[in-house]
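What follows is one structure encoded as structure tokens, with my remarks underneath.
The values are calculated or read from the model by the stated rules, or taken from the named source; none is laboratory data. Owing to the predicted nature of the structure, the values given are computational and were not obtained by experimental measurement. Counting neighbours? That spans all protein chains shown, and the Cβs are built from the backbone with ideal geometry, glycine included. Ligands, DNA and RNA are excluded from the accessible area calculation, which covers all protein heavy atoms including side chains. Shrake-Rupley method; radii C 1.70, N 1.55, O 1.52, S 1.80 Å.
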Amino acid sequence: MKLTGTMLNKALLLESLIVFIIVLCVHTVVWDRYSWCAIALAIQAFYVQFKWDRLLQLGGAVFQFRTTANSGLLPASMVIPLLGIVMKERCKAVGIVYFERFGIVVASTGMVLALFLSVIAVGITRPVPTNTCILSGIAGTIILYIMKYSLTVSEVIEVLEVLLIFVYLSMILLYLLPRCFTPGEALLVLGGISFILNQLIKRSLNVIEGRGDPVDFVLLVAVAGVVLLGIFFTALFCFMDSGTWTSSMFFHMMTAVLGLGVLMPWLYHLIRRNPLLWLLQFLIQTQTRVYLLVYWTLLAASACMVVLYQNSKRSSESKKHQASTITRKYFHFIVVATYTPGLIYDHQLLYIAAVLCLVVFILLEYIRYFRIKPFGQTLRHLLTLFLDERDSGPLILTHIYLLLGMSLPVWLFPRPCAPKGTLAGAGALVPYAGVLAVGVGDTIASVFGSTIGEIKWPGTKKTFEGTMTAIFAQIIAVALLLIFDGRVNLNTSYAWILGSISLVSLLEAYTTQIDNLLLPLYLQILLMA
């Protein structure tokens, strides 16, 4: 037991070292007064995450978190602030003031959310860690002092609104969904949802006709809809059996009512046109889009066939049969085949398709979790084959995290701040961050690591061979993108791209967090810097 704890501490220290290196690499390029905030936040998060780990081991946390991983506070705390900082610098370089200010708000919001989570951990640790309290106080003072002279009054109110939504969502979702997240994963997922809800409220109250792309509003309304639907039915089914036909009919009816009676009018208010007609026209606008939709439908059908085939093997061989690592990574190859043509030929179609796919995945998970007839029990049987140690809670989130990891670089890429025509430098690969980090890197590392890997990284089960082949595979993928995507021009940024891929691959080897979610975000940060 003592040896296992030592190995975990070693892995945690090396993971923290990699995160610190990434933070310093980013700020060698974009150094300004916000860099002091980010470094102070990283140092205090490093100390506080050990307090979280202690709470998790002793069972002293307020909520039940995922027990098969460390707290992950440091890597999670740096994602949103670094995204905001690099977005600010990119938009400042092309003179887009609105998105430059938006980047500052994102960075400030991320820092405040991370500080709040740190204060929670320090406050419930017994005995109270005096040194960590002092360090957190110093970091908080630096951040608040710089924010005081950087944000306008309206921006301060916006940051506080996101914090308030985050607090309420944390109280509700972490109670309803025990063991689904680590503290770090909760910070990323709930922080992202809180920011989306805040943006939706803000834009709904300040709609200006003709301003904004309808594509951007679809994501906001879709996420708000599925979150509200999940909270409503979770509360409702606490008082009634969700597995009856009556409850199932009520679920389908209320889903239709929310979608057609609330979300569609809300979207109409934002885009000033019929959402269903707009979506239909959007999907068939060009012949290329029709071809892509047919191609994606065939890929989806092949993924369903894999699920059915693997379950037929389980039925014939053994009830305890579980899908192998290679079988699970087959879905990674499918999403690479899905996203790459979309990024090359039609970025906006991929954006909308990913949003619709996210809604479908979450609705199917609701049906499985609540055992909604007629498909709830069938989905439970089919998907248990693909469970791993990360699905320790009541929800199965692995496939949703895979979709998010591939889609976040597409959704978060600030299109108004991107140069027109040819994309130059490492930033040209930003939309491909999910494809490279998860679709190629993580897949190759798992497959080769589990088959030919022998030399293990200190403190982990990951292998040196898996990481090296992942780096090599991503380099080959970049070379192929240069051939097939004529807009990409890397100029002289090859060394930065190689360093970014290598750092993220090393992070994959050491992190115990959901790598499908974490790795694309860090690669996007490095490529945008």
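Quick one: if the Förster radius is 60 Å, what FRET efficiency do LEU276 and PHE20 give, using the C-beta to C-beta distance and rounding to 0.05? Could you put the intermediate results ahead of the total?
On the way: r = 49 Å, r/R0 = 0.81.
It comes out at approximately 0.80.
Pairs of Cα atoms under 8 Å, at least six residues apart: use those to get the relative contact order of the chain, whole percent. Walk me through the numbers on the way to the answer.
Details: 653 pairs, mean separation 100.5, N = 529.
Computed over the chain, the figure is 19 percent.
Separation of the alpha carbons by more than 29 angstrom is noted, of LYS373/LYS462; LYS51/LYS92; LYS329/LYS456, for LYS373/LYS462; LYS51/LYS92. With an a/c value of 1.5 or above and a/b not larger than b/c for the gyration tensor axes a ≥ b ≥ c computed over the alpha-carbon atoms, region 102-213 is described as oblate. Rounded, prolate or oblate: which fits the chain, taking a ≥ b ≥ c as square roots of the Cα gyration tensor eigenvalues, rounded meaning a/c under 1.5, else prolate when a/b beats b/c? Rounded shape, in that the Cα axes give a/c under 1.5. Counting charges near THR246 (Lys, Arg +1; Asp, Glu -1) among other residues having Cβ under 15 Å from its Cβ returns a value of +1.
For the pair THR246 and THR378, a Förster radius of 22 Å applied to the C-beta separation gives a FRET efficiency near 0.70, rounded to the nearest 0.05. Averaged per residue, the chain has 45 square angstrom of accessible surface, using a 1.4 angstrom probe with ligands and nucleic acids left out. Within the accessible surface of the chain, defined with a 1.4 Å probe on protein heavy atoms only, the carbon and sulfur portion equals 70 percent. Taking a sphere under 14 Å around the Cβ of SER108 and counting the other residues whose Cβ falls inside, with K and R at +1 and D and E at -1, yields a net charge of -1.
With a/c under 1.5 counting as rounded, go ahead and sort region 183-283 into rounded, prolate or oblate using the C-alpha gyration tensor (a ≥ b ≥ c being the square roots of the eigenvalues; past the cut-off, prolate if a/b is larger than b/c, else oblate). It would help to have the intermediate numbers written out before the result.
Details: a/c = 2.58, a/b = 1.39, b/c = 1.86.
It is oblate, given that a/c is not under 1.5 and a/b is not larger than b/c.
Across region 394-529, counting alpha-carbon atoms alone, Rg and Dmax equal 15.0, 48 Å.
Here each label is just a point 7 Å from Cα along the line to Cβ, and for VAL119 and THR286 those points are 4.9 nm apart.
Give me the net charge for the shell around ALA303: Cβ to Cβ below 14 angstrom, other residues only, Lys and Arg +1, Asp and Glu -1.
Details: positive: ARG328, LYS329; negative: none.
Result for the neighbourhood of ALA303: +2.
Taking region 11-110 on its own, what percent of its Cα-Cα pair distances exceed 18 Å?
Roughly 51 percent, rounded to a whole number.
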